[in-house]
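The values are calculated or read from the model by the stated rules, or taken from the named source; none is laboratory data. Owing to the predicted nature of the structure, the values given are computational and were not obtained by experimental measurement. A quick note on method: Cβ atoms are made from the backbone with ideal geometry, for glycine too, and the neighbour counts reach across all protein chains shown. Note: areas computed on protein heavy atoms with side chains; ligands, DNA, RNA excluded. Shrake-Rupley method; radii C 1.70, N 1.55, O 1.52, S 1.80 Å.
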Amino acid sequence: MTYKELDAKYFMPCFGRSMQIVKGEGCTVFDDEGKSYLDLVAGIAVCSTGHCHPKVVEAICNQAQKLIHCSNLYYVEGQAEFAEKLSKASGMGKVFFGNSGAEANEAAMKLARVRSGRKNFVSFSHDFHGRTIGSLAVTHKPAIREPFEPLGTPCSFAEYGDLESLKNLVNKDTAAVILEPIQGETGVIIPDDDFLPGVRDICDDTGAFMIVDEVQTGMGRTGEWFAFQHSKVMPDIISIAKGIASGFPMGAIVAREGLEFTRSEHGSTFAGGPVACAAGLATYDVIESILPEVSMKGELFREGLSRFNPRVRGLMVGFTIGDRAAELSAECQKNGVLINVAADGNIRLVPPLVISNEEIARAVEVINEAADTLGI
Ligand SMILES: *Cc1c(COP(=O)(O)O)cnc(C)c1O
């Protein structure tokens with residue numbers, strides 16, 4: 001059987017996909033026929049250090065030869081060091097690790113519930129927070145949420161960017177308001193500058209916690225370590241995942257000083273294991289060295305793709321194509337550039353943060369030519 005036949009027979013058909021990627025190096029990936037692609041998807045904002053960055057590979061291999069797993073029953077080498085990095089980068093307090101974005105949000109929601117003694121959450125239209133029973137409850141898209149109701153927690157949804165609609169929903173029963181500082185899965189939707197400060201005020205007025213989901217926007221993606229740092233506000237809890245360990249599964253929450261789980265309130269078998277922490281520490285060092293260039297690289301996309309009037313914050317780039325977004329993506333793929341079709345006819349570009357100016361120039365040229373060819 002071919003891998004496609006095997007997949008059809010043995011793997012649940014949750015994903016629509018066209019090819020197999022078998023190798024990656026920097027911003028380039030290779031399919032099983034040896035064709036190369038400039039990768040502006042980066043495993044959906046995950047491979048921020050590029051594919052198989054030598055420092056990350058070395059850290060993973062060295063740790064794998066020494067110890068792969070030991071359990072959180074024991075101190076884990078590298079775990080406290082990595083927690084310190086995340087705490088200092090965010091300017092917040094203590095860290096708890098997880099294995100994914102959804103799991104990080106679960107931890108954030110549990111922490112908000114147990115420390116507030118309240119049950120309800122408020123999220124936003126088109127927000128995405130994950131697909132577990134808890135994180136799905138605060139994810140807006142009815143098509144992926146409603147088939148699984150009842151979900152883990154009561155949640156109501158305000159209009160994203162609209163503080164008045166939020167004010168009407170948050171009250172003394174609200175454990176937390178959870179939001180994406182920039183909506184990723186929906187196609188890079190950037191709210192006005194007064195949105196985060198306004199959410200902070202409403203949370204302060206009602207005693208609700210403010211959870212900022214930095215799963216996609218965090219770890220340097222927007223030109224700051226975390227997207228909330230473009231504003232002056234401090235969240236109570238942030239969740240992190242995608243770009244945290246270059247593709248080794250990992251997630252984390254960081255809470256503000258003094259806000260924490262007590263003994264036995266939360267736990268995990270795999271989370272914050274030695275290999276994940278080694279990958280995370282190596283990833284952190286690479287990102288730290290390139291972070292100052294991220295915003296400038298985003299501006300190169302803004303200039304190069306100006307015909308589409310793109311939405312840009314660092315290396316999170318989105319633009320609206322409409323019905324023909326999938327065609328544009330297919331044409332770019334044919335010409336050796338991978339782009340992502342997000343919701344509502346939006347294209348999302350979330351390339352490795354290590355992408356070079358030359359690679360950006362090539363990417364922009366291929367996307368523009370594809371649009372010309374298709375008459376978009
Ligand atoms: C991807 C994403 C998640 C879910 O992360 P998983 O690792 O797939 O569980 C949650 N929130 C945001 C903002 C995301 O982009």
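The table that follows gives values for the structure above.
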| read-out | value |
| --- | --- |
| The range 118-212: relative contact order as a whole-number percent, Cα under 8 Å and 6+ apart | 32 percent |
| 20 °C / 1.002 mPa s Stokes-Einstein diffusion coefficient of the range 196-248, Kirkwood radius on C-alpha pairs, µm²/s | 184 µm²/s |
| Stokes-Einstein diffusion coefficient of the range 1-103, Kirkwood radius over Cα pairs, 4 °C, 1.567 mPa s, in µm²/s | 75 µm²/s |
| Contact order normalised by residue count of the chain, Cα under 8 Å, 6+ apart, percent | 23 percent |
| Accessible-area composition of the chain, carbon plus sulfur, in percent [1.4 Å probe] | 53 percent |
| Dipole magnitude (debye, nearest 20) for the range 1-102, charges at Cβ of Lys, Arg, Asp, Glu | 260 debye |
| R0 of 45 Å, Cβ-Cβ distance ASP31-TYR74: FRET efficiency to nearest 0.05 | 0.60 |
| Under 18 Å from LYS110, Cα to Cα: lysines that are on another chain or at least 8 residues apart | LYS94, LYS119, LYS172 |
| Probe 1.4 Å, protein heavy atoms only - accessible area per residue of the range 244-376 in square angstrom | 41 Å² |
| Relative contact order %, the range 242-316, counting alpha carbon pairs below 8 Å whose residues are six or more apart | 30 percent |
| Unit charges on C-beta of K, R, D, E only; dipole of the range 54-284, Debye | 700 debye |
| Listed peptides 71-79, 161-169, 49-57 by packing density, highest first (mean Cβ within 10 Å) | 49-57, 161-169, 71-79 |
| For the range 97-242, the fraction of alpha-carbon pairs in successive 5 Å shells from zero, as % | 2, 11, 22, 26, 23, 13, 4, 0 |
| Dimensions (Å) - the range 217-292, Cα atoms, principal axes, largest first | 39, 31, 15 |
| Global geometry of the range 324-376, whether rounded, prolate or oblate, following the gyration tensor of its Cα atoms and the 1.5 cut on a/c | oblate |
| Relative compactness, the chain, computed as alpha-carbon Rg over 2.2 N^0.38 Å | 0.98 |
